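Participant: Questions regarding the structure given below will be posed in turn.
Just so it is clear, none of the values below were taken in a lab; they were calculated from the coordinates. What you see is a predicted model; the values in this text were computed from it and never measured. A quick note on method: Cβ atoms are made from the backbone with ideal geometry, for glycine too, and the neighbour counts reach across all protein chains shown.
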Amino acid sequence: MYRYPDEKGKYGIYGGKYVPETLMAALSELERAYEEVKKDKNFQEEFEKLLREYVGRPTPLQYAKRFSEYLGNGIKVYLKREDLNHTGAHKINNALGQALLAKRMGKKRIIAETGAGQHGVATATACAFLGLECIVYMGEEDVHRQALNVFRMELLGAKVEVVKSGSRTLKDAVNEAIRDWVTNVRTTHYIIGSVVGPHPYPMIVRDFQSVIGKEAKEQILQAEGKLPDMIVACVGGGSNAMGIFYPFIEDKNVELVGVEAGGYGLDTDKHAATICKGKVGVFHGAKSYLLQTEDGQVTPTHSVSAGLDYPGVGPEHSYLFEIKRAKYDAVTDEEALKAFQILSRTEGIIPALESSHAIAWVIKNAEKLKNKLIIVNLSGRGDKDVNQVKEILEERRDLRIW
Amino acid sequence: MERIDNCFEALSKKGEKPLIVYATACDPNCKKSLDIFKLILEYADMVEVGMPFSDPLADGPTIQKAHERALSSGANTEKVLELVSKLRDEFKEKPIILMGYYNPIFIYGEDKFIRDAKEAGVDGFIVPDLSPEEGTEFSRKVKSLKLSPIFLAAPTSTDERVKKIGKVSGSFIYYVSVTGITGERDKLAYEEIEKDISRIKDITGKRTVVGFGISKPEHIREMYKAPDGFVVGSAVVKKIENNDMKELENLLKSLKSATKL
């Protein structure tokens, strides 16, 4: 039976709590509070009700007929439509769950980090809905790249703190959020947006996201009368992947594939393929794979998709990789950009650039996937990326498929 | 361990407490940094040598920038140990403590790191992101080489946690005076700090020094009684950033005089 994390918050050797002492008591408090609400029927019912009424769950599992035909080779693809959630991505599942938990703990000030802005928007949304103060840390680079999401968060009543330290991207936004949390730990709950950070965060985020996999399992059994051969999801920190993988971990015949951001290619140093190319390290509170130098300095990453542009990865992914329960691969920016266009044209769905990586992997490997029944987690919609892709495709006409 | 205990005892006989000064190694570069640490050791009783890291998440802007300067000058673990070894050649008795985030230590290899550090003349280690839970093994290894693991205690540490911290710590405990990151503060909550340090000393029976936020002689004078030593970091690093050695020397002088009764 798969039962992780263990009582020390570890997945094998991965995970744990590598944080300054000031936060240790807060992590224990969070652990206790979470164990309570896990058993608390009222909390679970309230959460489920909000997922239904506010988020719009369950999200459909859609047979992607024309995309499957495009792939050929007898492949049958279903899309788990997390893009249809309120705020346009799976991030709201966790943001809402943790905001409810914070409220239960009597913490009225919420902080969060964001890269592309999806988790920031989701957290700002949950805070507006529940009447909580919200501060979102965002790297200066990302503030420029995602100006519209900054305004969105402000519209929702959140304060966006521009992070000017380090590489001014997601990892630095996490650093700054942790620094805020160390300072205001008595009044503040930190809503981490992915299955990363110190225990109990990777577990909490996984649990709140596992609604994706639970629904998908029921839906595929209903539609096909059997489990899928394979589940494919993109992995940055890895929350959408963990959410859909988790309920299938003990179904050994279901292959789990995590797709990392290959950027300009794995033979360059411009990518964010942490498991494919990293080494085990300790970063943002947990032991896990990490992109780093020989001296243990964290390296800057690159991906066309801001949501995957992160040098770390959730510790449970490192563990699933080590025990060979899941496999991890990468696709490049260009492959993701092509997939972005192909899904738009075959299904009328503009996928997020993050999710485009999962789509791209299936396209790239179609030859090896003969007659497979595949679920792809379509973790978010691509509206936020349209501007960026427009600019790229205007400059690089060779990447256009039309 | 011996050098640290001797330092506390010798000062105590003179009615003094140690001034412990932090600076980031190889800031702005390894060569200049050696001179800076030599100057610091003229006045400080112990020195904390910061190991540069790309993501120093317990540090405020001043020390973050020092880490960036050091890294862009090419600093790494070997070079930090080289710096320590040169300092040790000149200052035979003063304790040298390495302060560094865990990942570079983990990558260097815990065992090799502790051995090489001892060889270079290090007396103790502060690893701010290594909690007693994750650091038990590290603590055991450090102690087995007769060196001192130094763990942090915070205002938010419960009595139960303080007990754990006491167990894994060596010669002393490092009390973080604020819930927050490193950096200069105008005023500190002197009474609360003294009370909390007494609590920690009662529970653990260990010497406890105070750091984070201390930047002026009056900070030391206002809470002189309870702590066994005073750590100053950001205020010193600021002078290094400004490349103002005269000012640095004045600051060190005034801080040291505050640690005498």
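Participant: Considering Cα pairs under 8 angstrom that are at least six residues apart, work out the relative contact order of chain B and quote it in whole percent. It would help to have the intermediate numbers written out before the result.
Facilitator: On the way: 503 pairs, mean separation 57.6, N = 261.
Once normalised by length, the contact order is 22 percent.
Participant: Would you mind classifying chain A by shape? Square roots of the alpha carbon gyration tensor eigenvalues, ordered a ≥ b ≥ c; an a/c under 1.5 is rounded, otherwise it is prolate if a/b is larger than b/c and oblate if not. Could you put the intermediate results ahead of the total?
Facilitator: Values: a/c = 1.39, a/b = 1.26, b/c = 1.11.
The shape class here is rounded.
Participant: Along the range B:243-260, what does the Karplus equation 6.51 cos²θ - 1.76 cosθ + 1.60 (θ = phi - 60°) give for ³J(HN,Hα), rounded to whole Hz, x for Gly and Pro?
Facilitator: Result, ordered by residue: 6, 10, 6, 5, 4, 4, 4, 4, 4, 4, 4, 5, 5, 4, 5, 6, 8, 9 Hz.
Participant: How well do other chains shield peptide B:82-89, expressed as the mean number of their Cβ atoms within 10 Å of each residue Cβ?
Facilitator: Working: counts 0, 0, 0, 0, 0, 0, 0, 0.
Taking all residues of B:82-89 together, the mean is 0.
Participant: Enumerate lysine pairs in the range B:1-71 that are 8 or more residues apart or on different chains, then count those whose Cα atoms are under 29 Å apart. If you can, show how the numbers build up before the last one.
Facilitator: On the way: B:LYS13/B:LYS38; B:LYS14/B:LYS38; B:LYS17/B:LYS32; B:LYS17/B:LYS38; B:LYS31/B:LYS65; B:LYS32/B:LYS65; B:LYS38/B:LYS65.
For the range B:1-71, the number of qualifying lysine pairs is 7.
Participant: Further, regarding this structure: Calculate, in nm to one decimal, what B:SER144 and B:GLU90 gain on full extension: separation in residues at 0.36 nm each, minus their alpha carbon distance.
Facilitator: On the way: separation 54, 0.36 × 54 = 19.44 nm, distance 2.62 nm.
Answer, rounded to one decimal: 16.8 nm.
Participant: Here is a further query. On each of the three principal axes of the Cα atoms of the range A:138-194, give max minus min coordinate, whole Å, ordered largest first.
Facilitator: Taking the Cα atoms of the range A:138-194, the three principal extents are 32, 27, 20 Å.
Participant: Another question, if that's okay. By how many nm would the segment from A:GLU29 to A:ARG66 lengthen if fully extended, with 0.36 nm per residue of separation less the alpha-carbon distance? Spell out each step's value before the answer.
Facilitator: Working: separation 37, 0.36 × 37 = 13.32 nm, distance 4.95 nm.
Full extension from A:GLU29 to A:ARG66 adds 8.4 nm.
Participant: At A:GLU250 and A:ALA128, where each label point lies 7 Å from the Cα along Cα→Cβ, what is the point-to-point distance in nanometres?
Facilitator: With each label point 7 Å from Cα toward Cβ, the separation is 4.1 nm.
Participant: Okay, next question. I'd like the isolated cysteines in chain A, meaning no second cysteine's beta-carbon lies under 4.7 angstrom from theirs.
Facilitator: Taking the Cβ cut-off of 4.7 Å, the unpaired cysteines of chain A are A:CYS234, A:CYS276.
Participant: Charges on Cβ only, +1 for Lys and Arg, -1 for Asp and Glu, centred on the Cα centroid of the range B:1-135; of B:GLY121, B:THR77, B:PHE91, which one is farthest towards the dipole's positive end?
Facilitator: B:PHE91
Participant: To continue, here is another question. Per 0.36 nm of contour for each residue apart, how much would the distance between A:GLU322 and A:LYS214 grow if the chain were fully extended, relative to their Cα-Cα spacing? List each step's numbers first, then the result.
Facilitator: Working: separation 108, 0.36 × 108 = 38.88 nm, distance 2.41 nm.
Taking A:GLU322 through A:LYS214 to full extension adds about 36.5 nm, to one decimal.
Participant: How high is the relative contact order of chain A? Use alpha-carbon pairs under 8 Å, at least six apart in sequence, and give a whole percent.
Facilitator: After rounding, I find 19 percent.
Participant: Hey, which aspartates and glutamates would be in cross-link range of A:LYS390, C-alpha to C-alpha under 17 Å, not counting anything within fewer than 8 residues on its own chain?
Facilitator: A:ASP333, A:GLU334, A:GLU335, A:GLU354, A:ASP398
Participant: Counting only other chains, and only Cβ atoms inside 10 Å, what mean value do you get across the residues of B:199-207?
Facilitator: Values: counts 0, 0, 0, 0, 0, 0, 0, 0, 0.
Average per residue, whole number: 0.
Participant: How do the peptides A:296-304, B:103-111 rank, highest first, by the average count of neighbouring beta carbon atoms within 10 Å per residue? Walk me through the intermediate numbers first.
Facilitator: Numbers: A:296-304: 21.0, B:103-111: 19.0.
Those peptides, ordered most packed to least, come out A:296-304, B:103-111.
Participant: Between A:ALA147 and B:LYS31, what's the calculated FRET efficiency when r is the beta-carbon distance and R0 is 41 Å? Round to 0.05.
Facilitator: Details: r = 44 Å, r/R0 = 1.06.
The calculated FRET efficiency here is 0.40.
Participant: Through the Karplus equation 6.51 cos²θ - 1.76 cosθ + 1.60, θ set to phi - 60°, convert the phi angles of the range B:127-141 into ³J(HN,Hα) values in whole Hz; use x for Gly and Pro.
Facilitator: 10, x, 9, 10, 7, x, 4, 8, x, 4, 5, 4, 4, 4, 5
Participant: Once you list every other residue whose beta carbon is under 9 Å from the beta carbon of A:LEU132, what net charge do they have if Lys and Arg are +1 and Asp and Glu are -1?
Facilitator: +3
Participant: What distance in nm separates the simple spin-label points at B:GLU191 and A:ALA223, each placed 7 Å from Cα in the Cβ direction?
Facilitator: That separation, rounded to one decimal, is 6.6 nm.
Participant: Alpha carbon centre of the range A:211-248 versus the range A:73-133: separation in Å?
Facilitator: That distance is 18 Å.
Participant: Give me a single rounded figure for A:155-168: the average over its residues of other chain Cβ atoms within 10 Å of their Cβ.
Facilitator: On the way: counts 0, 0, 0, 0, 0, 0, 0, 0, 0, 1, 7, 6, 2, 0.
Across A:155-168, the average partner-chain Cβ count within 10 Å equals 1.
Participant: Once amide H atoms are built 1.01 Å from N in the peptide plane, which residues 5 or more positions from A:ARG109, or in another chain, come under 5 Å H to H?
Facilitator: Long-range HN contacts for A:ARG109: A:HIS189.
Participant: Right, here's the next one. What residues have an amide H closer than 5 Å to that of A:PHE283, excluding those fewer than 5 places away on the same chain, when H is modeled at 1.01 Å from N in the peptide plane?
Facilitator: A:SER288
Participant: Under the rule of at least 5 residues apart or a separate chain, name every residue whose amide H is placed under 5 Å from the amide H of A:ALA326.
Facilitator: A:PHE321
Participant: Between rounded, prolate and oblate, where does chain B land on the alpha carbon gyration tensor, with a ≥ b ≥ c its root eigenvalues, rounded for a/c under 1.5, else prolate if a/b exceeds b/c?
Facilitator: Details: a/c = 1.35, a/b = 1.08, b/c = 1.25.
Because its axes are fairly even, with a/c under 1.5, chain B counts as rounded.
Participant: For chain B, list the cysteines whose Cβ sits under 4.7 Å from no other cysteine Cβ?
Facilitator: Unpaired cysteines in chain B: B:CYS7.
Participant: Okay, moving on. For the pair B:SER198 and B:GLU249, how long in nm is the line joining their label points, each one 7 Å along Cα→Cβ?
Facilitator: 4.1 nm
Participant: With respect to the cross-link table entries A:LYS91/A:LYS384; B:LYS164/B:LYS201; A:LYS277/A:LYS370; B:LYS86/B:LYS143, which display a Cα-Cα separation exceeding 20 Å?
Facilitator: Details: A:LYS91/A:LYS384 14 Å; B:LYS164/B:LYS201 13 Å; A:LYS277/A:LYS370 28 Å; B:LYS86/B:LYS143 24 Å.
Checking Cα-Cα distances, A:LYS277/A:LYS370; B:LYS86/B:LYS143 exceed 20 Å.
Participant: Is the shape of the range A:248-384 best called rounded, prolate or oblate, per the rule: a/c under 1.5 gives rounded, else a/b larger than b/c gives prolate, else oblate, with a ≥ b ≥ c the square roots of the Cα gyration tensor eigenvalues?
Facilitator: Numbers: a/c = 2.01, a/b = 1.31, b/c = 1.53.
Oblate.
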